[in-house]
1. Which log10 I(q)/I(0) values, to two decimals, does the stretch 3-103 give at q = 0.14, 0.24 Å⁻¹ under the Debye formula with one point per Cα?
2. Just subtract the alpha-carbon distance of ALA25 and PHE73 from 0.36 nm times their residue separation and send over the number in nm, one decimal.
3. What are the lysines whose alpha-carbon lies under 22 Å from the alpha-carbon of LYS82, with same-chain residues fewer than 8 places away excluded?
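No lab work stands behind these numbers, since they all come straight from the coordinates. These numbers come from a predicted model, not from an experiment.
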Amino acid sequence: MVGSNYEREMRDILRKDGWIVFRSAGSFVCDLIALRPQEHKLVEVKSLNGDTYRTSRDKEQFDLLNGYAKQGFDVYYYIRWKGFRPYKWSGWKLPLEPYPIFRRKDENQQLLNNPNPLNTS
């Protein structure tokens, strides 16, 4: 699967949760924009085969999204962990101190191995 397929997969998850979702393919800011009455999300979707994702690889984009989060936008990183079952998505709400390293097995990170990546409580 290519990255755009994972963006569509997350789009469908958000839609099932009642969000109106726009895919902004090829944009610099984020992959998805999700809206509900009185709510909004800027969503960045990443996928990888390993168990670690380093945001410093995408420093410029991460800084931009982290800046939006600090201004009050709801910004989320969702990571699709390929080849891991039963849970395949993890999500983090920004802002986070640069530059976090997201680990699939790190219990200190939010939502790891959570079957519902939209649950941010």
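1. -0.50, -1.45
2. On the way: separation 48, 0.36 × 48 = 17.28 nm, distance 1.97 nm.
The ALA25-PHE73 span can extend by a further 15.3 nm.
3. The reachable lysines, counting only those whose Cα sits under 22 Å from LYS82, are LYS16, LYS46, LYS93, LYS105.
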